[in-house]
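Single-structure report; data block below.
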Amino acid sequence: MPAVETDALVIGAGPAGLFQVFQLGLQGIRCHVVDVLPQAGGQCAALYPDKPLYDIPGLPHVTGLELTQRLLEQVKPFAPQFHFEQEVTGLTPSPEAPGQWSVDTANGLTFTAKTVFIAAGVGAFVPRALVLDGEGAFNPRHIHTGSAIDKLNEAAASGRFQNACCVVVGNDAQAVNTALALAQTDAPSQAPQSVTLVHRKDEFDAPEPQLQALASWRARGNIQVALGQPVALGAKQLQLAKDDDSEVTLPLDELFVCLGLSPRLGRLASWGLTLHKRQVTVDPASMATNLAGIYAIGDINDYAGKRKLIVCAFHEATLAAFAAAARVFPEQPVRLEYTTTSRLLKARLGV
């Protein structure tokens, strides 16, 4: 597959990365965006989509999901190309284009970019693993995690798990959604034999409509809730440890692990970037790293006076875009213009 050539590649589609796209667009720089998650929004959308933020300028309160939607609307004039479920694995000088960077992903994509912007938050978000005794006795093809669960949910209604004993481990919205998707099949004959939602407490962190639906399906007997901590797997069973030191064994054919996401610095640590306490050291005037053409913004970077706030990441994206413009367009002066008066910026914005 040939490399994708671009003036700018943004690693991370959270709020910082999305605003970086906007600021690059104002400078006339179009870009590609890669993210390990299946959708834009980063930590805001993945970890607290329904919780309000109160420190975004001009918005007294906004949820993580709403902020993501507003930022996606803001970048539309610049038509960024998104590549989701792509974990960046390598960043090296391009052998074909001197002065540019070659960026590889785990799924086989390669980008050749004049500039690269690392907006990876506290690292790439990956599904939390469930470590159990006896895992070797259970077929790993029947253990479902991460974004693969959302795709399996679509198949659940059509009988993909007919007559199976399904166990969902977790208490977040994904866990509740998965249990509901498994129970809500198109026909009773296509339903799983059982759907069991497992958590230490009978408390679930999901939007109210989902919780109401869960209560309804529990009342009908289509979803059971088992309290305990998974500790061991057998060939066809899952063992739980309860708070009273007793144990419960659940029949198991399909296991869905919904334990949320955790950040991982991953391959970034081997790219030759200067790091300080697992953060990328940058020049605060430009967000430039020690590697020419590579910039870092948001929670992933470090400099004197650094504050891990979204509003600070927006400022950093602005400085990084101005610095990148000088590199992408070396023959052109980098002017400070205002969207209220600049014909050029209004033309780029389509207003």
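Just so you know, all these numbers are worked out from the coordinates, no wet-lab data involved. Since this is a predicted model, take the numbers as computed values, not measurements. Glycine gets a Cβ as well: all are built from the backbone with ideal geometry, and neighbour counts include every protein chain shown.
Need the list of lysines near residue 114 for cross-linking: C-alpha distance under 23 angstrom, and skip anything on the same chain fewer than eight residues off.
Leaving aside lysines fewer than 8 places away in the same chain, those within reach of residue 114 are 76.
Would you list, by chain and number, the lysines whose Cα falls below 21 Å from the Cα of residue 51, excluding same-chain residues fewer than 8 positions away?
308
Grab the Cα-Cα distance for residue 315 and residue 285, subtract it from 0.36 nm times how many residues apart they are, and report the gain in nm with one decimal.
9.7 nm
Residues of the range 288-308 with backbone nitrogen within less than 18 Å of a virtual label 7 Å along the Cα-to-Cβ line of residue 326, please, listed as ranges.
Residues 288-297 qualify, since their backbone N sits under 18 Å from the label point.
Using the Cα gyration tensor of the range 26-68, with a ≥ b ≥ c the square roots of its eigenvalues, what is the shape: rounded (a/c below 1.5), prolate (a/b larger than b/c) or oblate (neither)?
Here the range 26-68 falls in the oblate category.
Does the range 282-351 come out rounded, prolate or oblate by the C-alpha gyration tensor, with a ≥ b ≥ c the root eigenvalues, rounded set by a/c under 1.5 and, if not, prolate when a/b is larger than b/c and oblate if not?
It is oblate, given that a/c is not under 1.5 and a/b is not larger than b/c.
Determine the shape class of the range 129-259: with a ≥ b ≥ c the square roots of the Cα gyration tensor eigenvalues, call it rounded for a/c under 1.5, and otherwise prolate if a/b is greater than b/c, oblate otherwise.
The shape class here is oblate.
Would you work out the charge dipole size for the range 154-231 about its Cα centre, treating the Cβ of every Lys and Arg as +1 and the Cβ of every Asp and Glu as -1, and quote it to the nearest 20 debye?
240
Would you please state the base-10 log of I(q)/I(0) at q = 0.09, 0.14, 0.15 1/Å for the chain, with intensities from the Debye formula using one equal scatterer on every alpha carbon?
Per q value, in the given order, log10 I(q)/I(0) is -0.59, -1.10, -1.19.
Along the charge dipole of the chain, Cβ charges K/R +1 and D/E -1, which of 21, 185, 328 sits furthest on the positive end?
328
I need the fraction of alpha carbon pairs in the range 247-320 separated by more than 15 Å, rounded to a whole percent.
62
Between residue 247 and residue 81, what length comes free when the chain is fully extended (0.36 nm per residue of separation minus the Cα-Cα distance, one decimal in nm)?
54.7 nm is the gain from fully extending residue 247 to residue 81.
Is there a quick way to get the dipole size of the range 129-259? I mean about its Cα centre, with the Cβ of Lys and Arg at +1 and of Asp and Glu at -1; what is the value in debye to the nearest 20?
380
Which value, in debye to the nearest 20, describes the size of the charge dipole of the chain about its Cα centre when Lys and Arg Cβ atoms bear +1, Asp and Glu Cβ atoms bear -1, and nothing else is charged?
820
Suppose only helical runs count, i.e. DSSP H with n ≥ 4. What mean residue ellipticity at 222 nm does that imply for the chain under -39500 (n - 2.57) per run, divided by all residues and rounded to the nearest 500 deg cm²/dmol?
About -8000 deg cm²/dmol.
Return the lysines within reach of residue 306: Cα separation strictly under 24 angstrom, same-chain partners fewer than 8 residues apart disregarded; answer none if there are no such residues.
The qualifying lysines are 277.
Treat each spin label as a single point 7 Å out from the Cα along the C-beta direction, and report the residue 203 to residue 59 distance in nm.
Taking the simple label geometry, residue 203 and residue 59 are separated by 2.8 nm.
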